[in-house]
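Read through the structure below, which is laid out as structure tokens, and then see the notes.
The values are calculated or read from the model by the stated rules, or taken from the named source; none is laboratory data. The structure displayed is predicted, hence computed values, not measured ones. Here the Cβ positions follow ideal geometry from the backbone for every residue, glycine too, while neighbour counts run over all protein chains shown. Keep in mind that these areas ignore ligands, DNA and RNA; they rest on the heavy atoms of the full protein, side chains included. Shrake-Rupley method; radii C 1.70, N 1.55, O 1.52, S 1.80 Å.
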Amino acid sequence: MEIVVERLKQLREGATLSQMKLGGLNGVNQSNLARYENGKAVPPLKLLLWYADYFDVSMDYIFGRTDKPQGRLYDFNPKITADSEQLRQFIEMCFDPDSIVSEKMKSTLMEMFLKEGAGE
């Protein structure tokens, strides 16, 4: 919990806010903020989420899981296959079924998604 205490204080001081001023912004009284920053009390999750939103940092940063304020970056690469029902439905939804070019455009779009999904 020590890192959380440090990060809360660093965030507040980095924005040149007093505990009183910060308390006015988040509805927590100054004495409670002082106890959180001194490690005498555990800040509630709702307050930690407020800090993350207000200072535009991640919870990973507040909890010391990373030193990057924006947090960890996860590389999400879903597997896209030719038989992906969700992809087919999405593509169908994007085009007017009465259009002459719709079939060719749907086919091209499906090929593009499949190439991207294969990492080409």
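Where helices (runs of 4 or more DSSP H) fall entirely within segment 1-89, those with at least 2 residues that are at pLDDT 95 or above are at 2-14, 19-26, 30-37, 45-55.
For segment 1-34, a residue qualifies if it is of a type outside the set (A, V, I, L, M, F, W, C), more than 15 Å from Val57 (Cβ to Cβ) and surrounded by 15 or more Cβ atoms within 10 Å (Cβ to Cβ), and the qualifying residues are Gln19, Gly23, Asn32. Among the residues of segment 90-120 satisfying the criterion of being at pLDDT below 75 and open to solvent by 90 Å² or more (accessible area, probe 1.4 Å), which is nearest to Arg12 (Cα to Cα)? It comes out as Glu116.
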